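The values are calculated or read from the model by the stated rules, or taken from the named source; none is laboratory data. Being a predicted model, the structure only gives us computed values, none of them experimental. For neighbour counting, all protein chains shown are included, and Cβ atoms are generated from backbone atoms with ideal geometry for every residue, glycine included. Areas reflect the complete protein model, heavy atoms only, side chains present, ligands, DNA and RNA absent. Shrake-Rupley method; radii C 1.70, N 1.55, O 1.52, S 1.80 Å.
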Amino acid sequence: MKHIAILFIATSILLLNACSKPRNFDVEIHAIDSLHIAMDKTILVLDSGSLQITDSITCQLKFIQSNYKGIMQQPMAEALLRFGDFRKKAARLEQWKDSLHYRKDQLENELYAFRNTLADRATHDRLNREINETYADTILQNLIGKQQQWHTKINEWLQQRQAVYNHWNALNDTILTWRLRVPKQITS
């Protein structure tokens, strides 16, 4: 009799939990939406920070290579080599930028999937783990951490881009001055 009473109470508690209204994760959903907005604003900063010096470098170097006659002094040759290295630096920055875009897409997909799970008021995730407040908070904190790392990498990229641009800009003025001194060869 005692066992039946315990079984009845346990069954009643399970039925009450099963019949209770779905969990409300509006706070978490709002936080996910805020993460999306922050990422969208940051990606605009990343995309506006294009470093389009590669074409300029190639143009300057081709002109000097095609038209310079005579023996080049060592400082000028070394400066031209350093100038050419900026193409590699710019290409690496563009690759880094592409990887930041790729990481944004991955993180955004994770955010959308989690948001949809919470918005659908699912009780379990795809691995059959119960979705409760602890679960939601843990996943959300993990996503916030990933987003913060992504923002840190964006800031590093922006600083590196500015450093490359500043060094290139100073050397570019010298190269442009030298280019003006090189007479254009007339082809017949």
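Using the heavy atoms of the protein chains and a 1.4 angstrom probe, tell me the accessible area per residue for the stretch 43-188 in square angstrom.
Counting only protein heavy atoms, the per-residue value for the stretch 43-188 is 66 Å².
Please quote Rg/Rh for the stretch 35-184 to two decimal places, taking the Kirkwood radius as Rh and restricting both calculations to Cα atoms.
Ratio of gyration radius to Kirkwood radius: 1.26.
Can you quote the Å³ per residue value for the convex hull of the Cα atoms in the stretch 63-110, rounded to an integer?
57 Å³
Show log10 I(q)/I(0) for the stretch 92-156 at q = 0.29 Å⁻¹, two decimals, from a solvent-free Debye sum over equal Cα scatterers.
-1.26
Ordering Lys88, Lys97, Lys184 from largest to smallest accessible area (1.4 angstrom probe), what's the sequence?
Result, largest first: Lys184, Lys88, Lys97.
When the Karplus curve 6.51 cos²θ - 1.76 cosθ + 1.60 is applied with θ = phi - 60°, which whole-Hz ³J(HN,Hα) does each residue of the stretch 157-171 get, with x for Gly and Pro?
Result, ordered by residue: 4, 4, 5, 5, 4, 5, 5, 4, 4, 4, 5, 5, 4, 5, 6 Hz.
log₁₀ I(q)/I(0) of the stretch 27-72 at q = 0.15, 0.17, 0.29, 0.31 Å⁻¹, via Debye over equal Cα point scatterers, no solvent, to two decimals?
-0.60, -0.66, -0.96, -1.00
Output ³J(HN,Hα) for the stretch 80-87: one whole-Hz value per residue in order, computed from phi by the Karplus curve 6.51 cos²θ - 1.76 cosθ + 1.60 with θ = phi - 60°, and x for Gly and Pro.
After applying 6.51 cos²θ - 1.76 cosθ + 1.60, I find 5, 5, 4, 4, x, 5, 5, 4 Hz.
Carbon-plus-sulfur fraction of the accessible area of the stretch 74-137, 1.4 Å probe, in percent?
47 percent
FRET efficiency for Ala170 and Gln149, Cβ-Cβ distance as r, R0 = 25 Å, nearest 0.05?
Between Ala170 and Gln149 the formula returns 0.15.
Where the centre of each part is set by its Cα atoms, how far does the stretch 116-142 sit from the stretch 51-87, in angstrom?
Centre-to-centre (Cα) distance: 57 Å.
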